Structure formats: C-alpha cells, structure tokens
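*Asks:* Handing you this structure, nothing more for now.
The values are calculated or read from the model by the stated rules, or taken from the named source; none is laboratory data. Everything numeric in this text was worked out from a predicted model, so none of it was measured. Quick reminder, even Gly has a Cβ in these numbers, built from the backbone with ideal geometry, and neighbours come from all protein chains shown.
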Amino acid sequence: MSTQTTLTQFIIEQQRNVPEATGDFTLLLNDIAAACKRIAHTVNRGSITGMLGSADTENVQGETQKQLDIITNDIMVEALEWTGHLAGMVSEEVDDPISIPEQYPKGKYLALFDPLDGSSNIDVNLTVGTIFSILCGQEGTDAKLEDFLQEGVKQVCAGFVLYGPSTMMILTTGQGVNGFTLDQDVGEFVLTHQDMKIPEDTQEFSINMSNQRFWESPVQQYIDECMQGEDGPRNKNFNMRWVASMVAEVYRILTRGGIFMYPLDKRDPNKPGKLRLMYEANPMGFIIEQAGGACSTGRERILEISPNDIHQRVPVILGSKNEVDRVVSYHQ
Ligand code: P6P
C-alpha cells in the first residue's frame, strides 16, 4: 500500500531543489504546522471549553477580539519564539512587532500571521483559519519594525490552514501551490491536492453586497454587469458566495475558480480596504499567483506594494486571472 506524502517529506524533497538550503526553513514550517494542529484542536473544542465569545478587548485594528483570537495568537507565539529560526514576528492581534525573548537564539526568518482569520464566524461554527507569511530578516538580530516592511514579492513562503470540515494546510514556497489534509488518526498533514491551479475564467463572485453604496464606480460596474447575467454584457449568468472568511473564499477559488473582492470603501479614507496587507493580502496574493491567478488593488499588483505600516489595509481583488484583469481594466 503506498503511504501518502507527509508535509515534512514534501518540504524536505522540495528543499533538495534549493542548494543553499540549511534545513532551517523545513524545521520552521514543521513548527508552524505543529502550532496549527494545536489551534485546530483548540478551535474544535471552543464551545466545550467555554472559549467562544468576546474577550471584551480591542486589537490595533479597533476590532473587538474574540477569546480565541488571543488564545490562538498565544499558541502561535509560544510555538515559534523558542525555535531559533526567527528574528521576530508580527501578528494581527499585537500592535507592535513581537521580539524573540532573550533566552532564545534568533534566526534569520520573520513570521507574520493572522492567527484566526474569520473569527467573527467562530461563534456560528463556520470555517476559520490561520494565515502566515515568511520573509527573510537580519540573521541573529532582534528584528526592527522596518525589517518587516518588505514587498510581497520578497516572501519566501506563504500558507494558510483551514479549520473546516477537514483541517487543511495550503502552502507555497514559490514552486507552485500544494494542499495537505490533516490525517487526525496519525496527526500528520498529508499531500492531497498537488499543484493546485485556478481556472482563468469563472462565473462566481464573492463580495459583501451590503457595502455596495461605498464602492468606487469600476467595482459598481463590474458587479452590475455580473448581476445582469446572460441578458447583459457578460452573456453569462453568475453565482455569488460570501462566507465572510477569507481563508474559505480563497480555498474555494483554488479548487474551482472565482473572484474575491474586498474593494476600496469610501466610508473611511484612513481605511482604504478592510484586509491587511502584510498578513492577509500578501500571503494570499502569493498563493493565488503561484496557482495561476491574479491579485490586485484594482490599480496595482498587491505583491509590489511598498508597505508603510505592518497593519496597513489595502483593497483586495483576487482570483481567476481573466476576471481580475477585467476589473483592473475598469479602473484604468
Ligand atoms: P465582512 C474576517 O473578519 C475578514 O477579515 C476576512 O476573512 C473576510 O473576508 C472579511 O473580513 C469579512 O468582512 O465585512 O463581510 O464581515
């Protein structure tokens, strides 16, 4: 009987294609996988252990934190800070960069993460996930804030773990996108979706329609044309999905195509979009592009944005390449 390829085996085999690889990166990915297994277990038992509901605190985004936002953040930090692979971390749930405690060695990588994306869904038992991005820092030094402010094209790795009907890790290291499903019986992520590719066309869009009055005209035009269906300029009918969990939307798009949009919103000029560049848009953009899709603000490629803040927000339009290109053309 052929045993399935585990995440560890897959990473080591990919590492062999990288002559200068030291094995550090492989160990870091294993540490992230171990943290996410712990998060999967914690999230799965949320209502049993009384961890659902609000923590009655706010994060730097001004959003009310769920208890599990804080708990999962602590799991990620505690699982990674001792490993000796990191020079620092950034989390959606923590205002400033997280330093590596003095008693631990510092490594060369920087980890940026949203520990529990879509947590507004946690109390209603819908899919949520962890999103992570890995950059290179200054080996052995305490990372400063500016060390994190790198364009998305500088990422060495991006991934997300989906806590849904099954727990899955979707990963890219710049050599395509692969999906691993957690085999609960053995506690290993095993390769189940090799070399994922996004269809270039789609008939499915994802957007929060309740914000329609705040969109700019190119987005209004695009959605209006989709809504006109086969009688309109697109000559085909569209379907809509909105899970309010980016990890779920992106995974669906990886499996069957689609376009996801959280566009520029005229409500608050200080918040050009809702989603955060460094630990949501950039990692998802890297994955989407590696699977043959596109990821834009409507005016520029997300991965080429020069960051000015670790928590900055951007408009996000990602998914099937031909649809994203169409929306971008409407912005020109
Ligand atoms: P809304 C979750 O809070 C999130 O950051 C993304 O995962 C999701 O796509 C979006 O916000 C949902 O936003 O405004 O529809 O609740």
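*Asks:* Report the residue count in the range 152-166 for those that are touching a residue at least 24 places away in the same chain (Cβ under 8 Å) and either assigned to a helix (DSSP H, G or I) or among the β-branched types (V, I, T) (or both).
*Replies:* Residues meeting the conditions: 4.
*Asks:* Return the only residue of T173, T181 being away from the ligand (no atom under 15 Å from the Cβ) and free of Cβ contacts under 8 Å to residues at least 24 places away in the same chain.
*Replies:* Sole residue among the options that is away from the ligand (no atom under 15 Å from the Cβ) and free of Cβ contacts under 8 Å to residues at least 24 places away in the same chain: T181.
*Asks:* Evaluate the following for L149: is it within 16 Å of the ligand (Cβ to nearest atom), in contact (Cβ under 8 Å) with a residue 12 or more places away in the chain and touching a Ser or Thr at 6+ places or on another chain (Cβ under 8 Å)?
*Replies:* no
*Asks:* Any residue in the range 189-197 that is within 16 Å of the ligand (Cβ to nearest atom) and farther than 18 Å from Q9 by Cα?
*Replies:* No: zero hits.
*Asks:* For the range 63-92, what are the residues that are assigned to a loop (DSSP other than H, G, I, E, B) and within 18 Å of F160 (Cβ to Cβ)?
*Replies:* Answer for the range 63-92, where residues must be assigned to a loop (DSSP other than H, G, I, E, B) and within 18 Å of F160 (Cβ to Cβ): just E92.
*Asks:* Please verify whether D185 is within 21 Å of the chain's Cα centre (by Cα) and of a type in the set (D, E), treating the condition exactly as stated.
*Replies:* no
*Asks:* In the range 219-253, which residues are surrounded by 20 or more Cβ atoms within 10 Å (Cβ to Cβ), more than 16 Å from the ligand (Cβ to nearest atom) and touching a residue at least 40 places away in the same chain (Cβ under 8 Å)?
*Replies:* Selection gives Y222 alone.
*Asks:* Of the residues V219, V186, only one is at pLDDT below 95 and among the β-branched types (V, I, T); which?
*Replies:* Details: V219 fails: at pLDDT below 95.
None of the others qualify; the one that does is V186.
*Asks:* Here's a check for you: in the range 258-282, which residue that is more than 10 Å from the ligand (Cβ to nearest atom) and touching a Gly at 6+ places or on another chain (Cβ under 7 Å) is farthest from E204 (Cα to Cα)?
*Replies:* Result: N282.
*Asks:* Next up: Provide a single number: the residues in the range 157-182 that are under 17 Å from N17 (Cα atoms) and at pLDDT 95 or above.
*Replies:* Of the residues in that region, 6 qualify.
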